[in-house]
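Heads up, the thing below is written out as structure tokens.
The values are calculated or read from the model by the stated rules, or taken from the named source; none is laboratory data. Just so it is clear, the structure is predicted and the values come from calculations on it, not from any experiment. Quick reminder, even Gly has a Cβ in these numbers, built from the backbone with ideal geometry, and neighbours come from all protein chains shown. We work out accessible area using only protein heavy atoms, side chains counted, and drop any ligands, DNA or RNA first. Shrake-Rupley method; radii C 1.70, N 1.55, O 1.52, S 1.80 Å.
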Amino acid sequence: MADNIHILAIESSCDETSAAVICDGRVLSNHIATQKVHERFGGVVPEMASRAHMQNIIPVVDIALKDSGVAKRQLSAVAFTQSPGLIGSLMVGTAFAKSFAQALQIPLIAVHHMQAHVLAHFIDAQPPFPFLCLTVSGGHTQIVLCRDYLDMEVIGETMDDAAGEAFDKVAKMLGLPYPGGPMVDKLAAQGDPLRFKFAAASMPGLNFSFSGVKTSVLYFLQAQKKADPDFIQNNLNDICASAQHTIIQMLMSKLQRAARELNIKHVGIAGGVSANSGLRTALKQAGETHGWTVYIPKFEYCTDNAAMIGITGYHKYLKGQFADLTASPSARASWT
Ligand code: KG4
Ligand code: ZN
């Protein structure tokens with residue numbers, strides 16, 4: 001391993017502006033500014049996200065640098081999220097990273113956000129390869145086979161909505177504030193997961209489909225509300241627990257199938273939905289049943305953060321995978 005490689009990392013793909021400083025793969029600082037402006041709209045408003053990133057980025061980088069105790073002249077490279085995400089949001093981080101790298105005359109490293117969610121596991125642990133990761137966020141649901149830090153293959157993914165989107169849409173139907181996932185998680189802890197049954201679509205192979213769960217919950221609520229207008233208030237915890245249970249079962253059944261077919265015993269979860277307490281418990285239980293070693297990132301490394309961009313940047317630095325100043329952001333780009 002190389003010594004004294006200091007990476008400044010920037011994440012701005014959605015509604016978190018984050019900066020981190022990483023030294024030889026160790027996180028020295030990781031500062032996240034969550035944009036509150038979207039709450040009253042019940043979802044992320046792209047134009048507002050870009051504006052908030054512009055306001056936040058300089059103070060966030062300043063705090064991350066100060067917290068790390070690393071001076072600008074000690075930096076070896078600047079890593080940034082290039083894709084996927086909201087294009088206006090990505091542009092702010094990309095423009096900032098390019099300017100900073102150019103001003104300091106240091107290399108620039110372009111990072112794929114989904115690869116970074118997987119590599120968040122390597123911040124505090126060292127899962128051996130091959131490693132299997134279920135990456136579940138607001139925009140993606142993927143089963144990723146990792147052969148090495150930068151050698152990954154998406155072997156299963158959603159054909160429509162992401163798991164996080166399913167959580168957020170169910171929450172919206174229940175009148176819960178955005179982002180709904182954490183709220184559903186909290187209420188589900190007090191509810192009965194087996195009380196209500198929702199349709200769980202079965203896709204071929206290792207792929208997923210979550211749009212049916214959302215429709216199933218919607219039709220169920222419409223029917224119940226006809227008989228009892230207060231049905232949601234009176235059964236909120238059980239509805240959350242049952243919907244969460246359905247989503248977790250769908251995720252875990254494909255993850256178990258992938259691990260069995262590939263005979264992999266080191267299995268993790270990543271992305272915003274990996275903060276879900278039901279999914280974390282389900283992974284631990286599956287680990288005991290199948291003799292897996294399981295990996296669950298710390299909460300701050302589950303949802304969007306720059307530390308994961310930094311650890312990915314570090315491995316790209318070691319391989320000499322640099323970007324040039326013509327690098328541009330992309331709302332959608334594949335990475336394996
Ligand atoms: O990875 P992430 O922070 O951003 C994206 O890259 O999309 O994931 C955000 C998603 C949202 O859909 C949010 O509701 C969900 O992660 N989420 C959760 C929990 N915490 C965040 N879903 C269920 N339970 C949670 N505790
Ligand atoms: Zn993410």
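Sorting the segments 50-61, 137-148 by their mean number of nearby beta carbons within 10 angstrom, highest to lowest, gives 137-148, 50-61. On the basis of the beta-carbon distance and an R0 of 22 Å, Glu153 and Leu218 show a calculated FRET efficiency of 0.05. Compared with the dominant principal axis of the Cα atoms in the chain, helix 231-262 is inclined by about 60°.
Potential lengthening of the chain between Lys225 and Arg332 amounts to 34.6 nm, from the contour at 0.36 nm per residue minus the alpha-carbon distance. Adding -39500 (n - 2.57) for every DSSP H run of four residues or longer, then dividing by how many residues the chain holds, sets the calculated 222 nm ellipticity at -14000 deg cm²/dmol.
Surface composition of the chain: carbon plus sulfur atoms hold 52% of the accessible area, using a 1.4 angstrom probe and ignoring ligands, DNA and RNA. For the stretch 263-309 versus the stretch 32-103, the spacing of their alpha-carbon centroids is 26 Å.
Which pairs in the list Lys169/Lys319; Lys66/Lys186; Lys98/Lys172; Lys214/Lys316; Lys298/Lys319; Lys172/Lys316 are over 31 Å apart, alpha-carbon to alpha-carbon? Checking Cα-Cα distances, Lys169/Lys319; Lys66/Lys186; Lys98/Lys172; Lys214/Lys316; Lys172/Lys316 exceed 31 Å.
For the stretch 158-234, applying the loop criterion from DSSP together with a ceiling of 12 other beta carbons within 10 Å to the trypsin sites (Lys or Arg not before Pro) yields Lys197. A crude spin-label estimate for the pair Asn4 and Asp124, with each label 7 Å from Cα along the Cβ direction, gives 2.9 nm.
The charge dipole of the stretch 1-72, taken about its Cα centre with unit charges on the Cβ atoms of Lys, Arg (+1), Asp and Glu (-1) only, comes to about 160 debye. DSSP finds beta bridges in the stretch 1-140, and of those with both partners inside it, around 60 percent are antiparallel. Extension gain for the segment Ala71 to Val37, taken as residue separation times 0.36 nm less the Cα-Cα distance, is 9.0 nm to one decimal. Ranking Gln285, Leu145, Ala95 by Cα position along the charge dipole of the chain, where only Lys, Arg, Asp and Glu carry charges on their C-beta atoms, puts Gln285 farthest toward the positive end.
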